[in-house]
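Remarks on the structure that follows.
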Amino acid sequence: MGYSDGAWRAFLAAVDGSERIASLLLVESGGAVGKTPWRVLVKMIRYAIPPSEKNMRKAAAWLMPGNVPVAEEMACARAGLGYRTRSPWPQRLKDEELQAISAPTLLVYGGESVLGDPGAAATRARQLIPRCEVEIFPGATHGLLFQGRDVDAALDRILRFAGRHDPVKAQQAN
């Protein structure tokens, strides 16, 4: 399972048709399937320069309206400021890459996500990924797993998909 940038990275692990991947659960995968508008990229860069708590709060308010980061979340964000990835910026995957995904795939989007057009991404994913399901939660934002009325419904959808496709069941804690 991957969320946001993690969803793009999970896509990359699956584009070779790897049999080692039981299923893909991808939440708010941004531009991996659909197009990320240039205005979104420009806004992200503007929030990142200079990196500050004020800009991180502005970015959070834009990505997930109504979600006010708590102290622990801000501490984690500050801790990550020095992180530099060697991976490229997440890019839209080619048709052939999406067609090569052999694992059952669930894409979950917030209908009001600012990262792109979830409807267009859903259409492309259904056309190209052989075993693909898509769930769009109308009114939800990029923070659909963290806030709003759709959290429980999104988690339930993810768990039902995993239950059908994951060959190893988690043991219930006593």
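Two numbers describe the Cα atoms of segment 32-92: Rg and Dmax, which are 12.7, 34 Å.
Helices in the chain, meaning DSSP H runs of at least 4 residues, each add -39500 (n - 2.57). Divided by all residues, the mean residue ellipticity at 222 nm is -12500 deg cm²/dmol. Calculated FRET efficiency, residue 83 to residue 127, Cβ-Cβ distance, R0 = 41 Å: about 0.70 to the nearest 0.05.
DSSP assigns beta bridges within segment 17-174; of those with both partners inside it, close to 0 percent run antiparallel.
The packing ranking of peptides 150-157, 25-32, highest mean first, is 25-32, 150-157, where packing means the average number of other beta carbon atoms within 10 angstrom of each residue. Its relative contact order, with pairs defined as Cα atoms under 8 Å and 6+ residues apart, puts segment 95-174 at 31 percent.
Cα-Cα pairs above 12 Å in segment 88-146: how many percent? Summing the P(r) tail past 12 Å for segment 88-146 gives 68 percent.
Based on every Cα atom in the chain, Rg and the maximum pairwise Cα distance Dmax equal 16.6, 49 Å. Solvent-accessible area of the chain (1.4 angstrom probe, protein heavy atoms only): carbon and sulfur portion equals 56 percent. Solvent-accessible surface of the chain, averaged per residue with a 1.4 angstrom probe and all protein chains in place: 59 square angstrom. Most tightly packed first, judged by the mean number of other beta-carbon atoms within 10 Å of their residues, the peptides 6-19, 73-86, 109-122 read 109-122, 6-19, 73-86. Placing +1 on the Cβ of every Lys and Arg and -1 on the Cβ of every Asp and Glu, with no other charges, gives segment 115-167 a dipole of roughly 180 debye about its Cα centre.
Residue by residue, segment 47-61 carries 3J(HN,Hα) couplings of 6, 7, 10, x, x, 8, 4, 4, 5, 5, 5, 4, 5, 4, 5 Hz when phi is fed to the Karplus relation 6.51 cos²θ - 1.76 cosθ + 1.60 (θ = phi - 60°); x denotes Gly or Pro.
Here the chain is assigned +1 on the Cβ of each Lys and Arg and -1 on the Cβ of each Asp and Glu. Its dipole about the Cα centre then comes out at about 500 debye.
The values are calculated or read from the model by the stated rules, or taken from the named source; none is laboratory data. A quick note: this is a predicted structure, and the numbers were derived from the prediction, not measured. As a convention, Cβ positions derive from the backbone with ideal geometry for all residues, glycine included, and neighbour counts pool all protein chains shown. Heavy atoms of the whole protein, side chains included, go into the accessibility calculation; ligands, DNA and RNA do not. Shrake-Rupley method; radii C 1.70, N 1.55, O 1.52, S 1.80 Å.
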